[in-house]
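Asker: One structure is given below, represented as structure tokens, and several questions about it will come after.
The values are calculated or read from the model by the stated rules, or taken from the named source; none is laboratory data. What you are looking at is a predicted structure, and each value in this text was computed from that prediction instead of being measured. Note: ideal-geometry Cβ built from the backbone for every residue, glycine included; neighbour counts use all protein chains shown.
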Amino acid sequence: MRKKIIAANWKMHMTQTEAETFVSTFLREIGDPDEIEIVIVPPFTSIPKVSELLTQTQNVKVGAQNMHWERSGAFTGEVSPAMLRELFVRYVVLGHSERRALFGETDEMINRKVHAAYEAVLRPILCIGETLAQRERGEVEKVLSTQLRGSLAKVESKELLETVIAYEPVWAIGTGKTATAAQAQEAHAFVRQILREMSDEATAEKVRIQYGGSVKPDNARELLSQPDIDGALVGGASLDPRSFAQIVQAGVSKDS
Ligand code: PGA
């Protein structure tokens with residue numbers, strides 16, 4: 001059984017003050033449920049505050065949205081893996097489509113970051129996903145396979161177990177257009193097949209694959225009840241503590 005993992009990707013939202021209000025409301029709604037893992041992924045500047053507020057929780061953890069692969073150096077504007085570890089960060093989102101499209105990140109760069117994450121004992125949440133044009137050209141499998149194999153080059157099975165994959169079709173991010181549960185399940189099953197080819201059956205069965213792209217309280221349950229959907233990476237709907245709590249509840253319920 002894979003423990004579901006639901007993450008709140010706040011993107012460039014939430015000052016420290018706003019984050020504080022969010023976390024206290026969210027914890028009041030949800031508590032610290034054993035059945036599920038929750039990751040709050042604030043912008044860098046709000047990480048210390050969120051970490052401090054989550055010191056007592058077992059299942060609500062802190063993530064980061066990005067990092068550099070080097071340990072230190074002349075990289076103005078960048079943040080290193082060790083800097084995140086010092087703030088009790090456990091997960092790091094890598095290769096988000098916004099990083100790929102707006103900041104020129106390639107699979108090769110993401111692969112360096114993935115290895116740097118393992119070295120710093122951070123768990124990557126690796127994002128992959130096709131654009132609408134790629135889907136219309138029938139290239140979904142080709143794109144997912146290339147991104148997975150490129151971003152996870154030279155990753156060992158034991159490292160793969162520490163990794164979460166987030167399937168986020170680019171056309172569904174922030175658009176209100178969710179993949180249907182069937183479309184998402186089909187892509188997730190394909191991702192697991194590639195993981196099997198890259199490692200082995202037992203490893204591929206244990207890796208958690210999140211769906212991301214316009215996840216909302218009213219579509220979360222159906223998505224999360226699919227056999228290969230092990231969680232969600234939530235953008236817009238994670239900015240409201242009550243709607244994010246409802247999405248988490250959808251993942252906790254018995255039938256999902
Ligand atoms: P969205 O974003 O939920 O606002 O579509 C998801 C993401 O980009 O991770």
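Asker: Sort out which residues of region 159-181 are assigned to a helix (DSSP H, G or I), touching a helix residue (DSSP H, G or I) at 6+ places or on another chain (Cβ under 8 Å) and of a type outside the set (F, W, Y), and write them in order of number.
Answerer: E159, L160, V170, A181
Asker: Of all residues in region 196-227, count the ones that are over 15 Å from the mean Cα position of the chain (by Cα) and away from the ligand (no atom under 15 Å from the Cβ).
Answerer: 16
Asker: Let me ask something additional. Starting from region 207-228, keep only residues that are more than 15 Å from A189 (Cα to Cα), then list their pairs with residues that are more than 15 Å from the ligand (Cβ to nearest atom) and at pLDDT 95 or above whose Cβ atoms are within a distance under 6 Å, requiring at least 6 positions of separation or different chains.
Answerer: Final answer for the pair search is E222/A181.
Asker: Sticking with this one: Evaluate region 127-138: report whether one residue or more is among the hydrophobic types (A, V, I, L, M, F, W, C), closer than 25 Å to D200 by Cβ and away from the ligand (no atom under 16 Å from the Cβ).
Answerer: No: region 127-138 contains no residue that is among the hydrophobic types (A, V, I, L, M, F, W, C), closer than 25 Å to D200 by Cβ and away from the ligand (no atom under 16 Å from the Cβ).
Asker: Taking Q193 as meeting all but one of (1) under 20 Å from M1 (Cα atoms); (2) within 15 Å of the ligand (Cβ to nearest atom), write down the number of the exception.
Answerer: Tallying (1) under 20 Å from M1 (Cα atoms); (2) within 15 Å of the ligand (Cβ to nearest atom), Q193 fails exactly one: (2).
Let's see how each residue does on (1) more than 16 Å from the ligand (Cβ to nearest atom); (2) of a type in the set (A, V, I, L, M); (3) under 18 Å from L160 (Cα atoms); (4) modelled with pLDDT of 95 or more:
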| site | (1), (2), (3), (4) |
| --- | --- |
| N59 | yes, no, no, yes |
| V79 | yes, yes, no, yes |
| F88 | yes, no, no, yes |
| E108 | yes, no, yes, yes |
| R112 | yes, no, yes, yes |
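Asker: Which of (1) in contact with a strand residue (DSSP E or B) (Cβ under 8 Å, 6 or more places away or on another chain); (2) within 13 Å of the ligand (Cβ to nearest atom) is the odd one out, the single condition A237 does not satisfy?
Answerer: Just one mismatch for A237, condition (1).
Asker: Among the helices (runs of 4 or more DSSP H) confined wholly to region 7-125, which include 2 or more residues that are surrounded by 21 or more Cβ atoms within 10 Å (Cβ to Cβ) and aliphatic (A, V, I, L, M)?
Answerer: It comes to 16-30, 47-53, 107-119.
Asker: Looking at this structure, is A187 more than 16 Å from the ligand (Cβ to nearest atom) and farther than 30 Å from E18 by Cα?
Answerer: So A187 fails the test.
Asker: Which ones in region 183-203 are in contact (Cβ under 8 Å) with a residue 24 or more places away in the chain and not polar (S, T, N, Q)?
Answerer: A184, A187, H188, A189, F190, V191, R192, I194, L195, M198, D200, listed by residue number.
Asker: Sticking with this one: When region 11-32 is examined, which residues are found to be on the phi > 0 side of the Ramachandran plot and within 16 Å of the ligand (Cβ to nearest atom)?
Answerer: Listed by number, the residues that qualify are K11, M14.
Asker: Sticking with this one: So, in region 140-179, how many residues would count as being away from the ligand (no atom under 15 Å from the Cβ) and hydroxyl-bearing (S, T, Y)?
Answerer: 5
Asker: For V93, are the conditions met, namely being out of contact with any Phe, Trp or Tyr (no Cβ under 6 Å at 6 or more places or on another chain), more than 16 Å from the ligand (Cβ to nearest atom) and not hydroxyl-bearing (S, T, Y)?
Answerer: Taking the combined requirement at face value, the residue does not satisfy it.
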